[in-house]
Structure formats: C-alpha cells, structure tokens
Amino acid sequence: MRIAIVGGGTRCLYLMEMIKNHKFHEISPVVIAVAEIKDSTPALLNAKKRGLFITHDYNDFFQRDDIDLIVELTGNLDIYNDILQKKARNVRAIAHTTALLFWEISTSSDMHKKVGRKLQETQALYYAMSNEMIQEDMMVIGLDYRIQDANAAMVKKLGTRIDEIKGRHCYEVTHHLDKPCSGDHHPCPLIEAVKVRKPTQTTHIHLDKSDNELHVSISCYPLIEDRQVVGVIEISKDITQDIKVEKAMMRQD
C-alpha cells in the first residue's frame, strides 16, 4: 500500500514514523509522498531526508499513478472533499483516522508483552495515535463493558473528565442505560467484534451531556492478547448532520 499524505504537521510525522518502525502483518504500507504548504515542518524535513516526493500542492498527487491511498491530515473537510472528487477511482482516501493501522498495532500486543521496552513503545504509540491522530471519539472497552480508557475527543464530547468515566459501563455513559445495548436498532458492536474476532460496524443513537440525541457511526476493533480477545477499541463518528440532510432531501422528494 503506497501512501501519500496531505498535511505535514505533527500527525503526519507520527504516521510516518509508525509506518516506518512498526511490523505489520495484514498490510505493507509505505509513505511515498507528502504535501505541505509550509517549508520547514518536522514531517516535511523528515520526508526530504528520506527522499520522498514532496510538494506544496496536493493536486500534484493526481498526476501520479503509483499512489494507492491518500491520507488527509489537515482536518479541513473542504480539502478532503476536493480529494474525493479529483482522485482516480482506484485510489482510496481517508480523513484523519487510521483505524486499520490501529487494529494492526492492537493485534501485535501479545508479541510486545514479553519485552518491556517494546511494550512501552507500543503504549506510547497508542497514546500518540489516540490523542493526536484519531479525531473521532474513541474508547477502550473491556469484555465486562467497562470503559478502560478514552481519548480527549470522547471526553470532550461527553462533557466530563476521564476519571469520571473510567470503570463505568459503556452503555451507561453513552446511552444512559442500565444494561447492554441489544435489538435490531441498537445491536452491541462489542459482542459481534468479540464473536468474529474482526472489526465490526453499526449505527447507534447516543445521548450527549444535555441528553440530545446524536446519530453515531460506530466501528469496533478487537484487542487481542495471547491469541484471546480481551476487549475492543471503539471509534465513533457523529453523523447527525448527515442524517438531517438525508431526511430533508427525502421530504423534498
């Protein structure tokens, strides 16, 4: 998988170093190009040192035929939409999150467990990704449905502090319920991810700190240690505005 990155800031540097140093099993990613309007960001200097293709204009990527994936890391939705419109049909594009790479790291945790230094590196990488690269809301949930960790985006969305949600049940925090999610309208993604040992996806209605309903797209990635699933990483994205637009268009029809 040959990757081009738009945005040469801190997130870009994290991603470049992770891809360079991590041993992947399911995919073989390599960064080949970086687009950044500034001349002296750490990521751009790193890219120059490694001999990667660098440019001030991401439109230059569309003239190349050796790019498989474009990762937009500026956080600018207009840029991401522009990439989606201009890229070749065989080129994929993602904004912000690197969920598949995240899952790859989680599945290798059993190898790092016996090596103290490697485990520390994995934990540091997890922290960097969860708080610097993952813009969506993210939680680490145990098999008992209790929240083990959450990134800054999730804590902010809930309007609370991390110490106030750690140890509480996920369904209690996000749905204000006293039992796990179930049924056709709210299937539990944790149960399915543990069952199939692969990422799962569903849509839920969550409640924010003011009890307002939020339509949320949820992706669940199993955490594996010693070949056993010990929990999941749940990444959720607020799609409330998208749902409202769809409903408005349906009413017009």
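Consider the stretch 49-98. How many of its residues are of a type in the set (D, E, K, R) and surrounded by 12 or more Cβ atoms within 10 Å (Cβ to Cβ)? Qualifying residue count, the stretch 49-98: 9. Would it be correct to say that Ile233 is modelled with pLDDT of 85 or more and crowded, with 16+ Cβ neighbours inside 10 Å? It is true that Ile233 is modelled with pLDDT of 85 or more and crowded, with 16+ Cβ neighbours inside 10 Å.
Residues checked against (1) more than 19 Å from Ser219 (Cβ to Cβ); (2) modelled with pLDDT under 55; (3) in contact with a Ser or Thr (Cβ under 9 Å, 6 or more places away or on another chain):
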| position | (1), (2), (3) |
| --- | --- |
| Lys118 | yes, yes, no |
| Thr122 | yes, yes, yes |
| Met129 | no, yes, yes |
| Gln148 | no, no, no |
| Ala152 | no, no, yes |
| Gly159 | yes, no, yes |
| Ile162 | yes, no, no |
| Ile165 | yes, no, no |
| Tyr171 | no, no, no |
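How about the stretch 141-187: which of its residues are part of a strand (DSSP E or B) and not hydrophobic (A, V, I, L, M, F, W, C)? Scanning the stretch 141-187 gives Gly142, Arg146, Gln148, Asp149, His169.
The residue that is surrounded by the fewest Cβ atoms within 10 Å (Cβ to Cβ), among those in the stretch 236-253 that are over 13 Å from the mean Cα position of the chain (by Cα) and basic (Lys, Arg), is Arg251.
Checking each residue in the stretch 26-46 for being buried (at least 18 other Cβ atoms within 10 Å of the Cβ) and either more than 22 Å from the chain's Cα centre (by Cα) or of a type in the set (Asp, Glu) (or both) picks out Glu36, Thr41, Leu44, Asn46. Total residues in the stretch 153-172 satisfying the condition of being closer than 22 Å to Leu143 by Cα and of a type in the set (Lys, Arg): the figure is 2.
Taking the numbered list (1) modelled with pLDDT under 85; (2) surrounded by 15 or more Cβ atoms within 10 Å (Cβ to Cβ); (3) hydroxyl-bearing (Ser, Thr, Tyr) in turn, Ser210 passes all entries but (2). Given the criteria within 22 Å of Glu164 (Cα to Cα), in contact with a helix residue (DSSP H, G or I) (Cβ under 9 Å, 6 or more places away or on another chain) and either polar (S, T, N, Q) or part of a loop (DSSP other than H, G, I, E, B) (or both), does Ser219 qualify? For Ser219, the condition - within 22 Å of Glu164 (Cα to Cα), in contact with a helix residue (DSSP H, G or I) (Cβ under 9 Å, 6 or more places away or on another chain) and either polar (S, T, N, Q) or part of a loop (DSSP other than H, G, I, E, B) (or both) - is not met. Consider only pairs whose beta carbons are under 7 Å apart and that are at least six residues apart or on different chains; among these, list those whose first residue lies in the stretch 68-84 and is under 16 Å from Leu13 (Cβ atoms) and whose second residue is basic (Lys, Arg). Matching pairs, first to second residue: Leu73/Arg11. For the stretch 71-107, a residue qualifies if it is more than 15 Å from the chain's Cα centre (by Cα), at pLDDT 85 or above and among the β-branched types (Val, Ile, Thr), and the qualifying residues are Ile79, Ile83, Val91.
The values are calculated or read from the model by the stated rules, or taken from the named source; none is laboratory data. All values reported here derive from a predicted model rather than from experimental measurement. Heads up, the Cβs are rebuilt from the backbone with ideal geometry, glycines too, and the neighbour counts pull from every protein chain shown.
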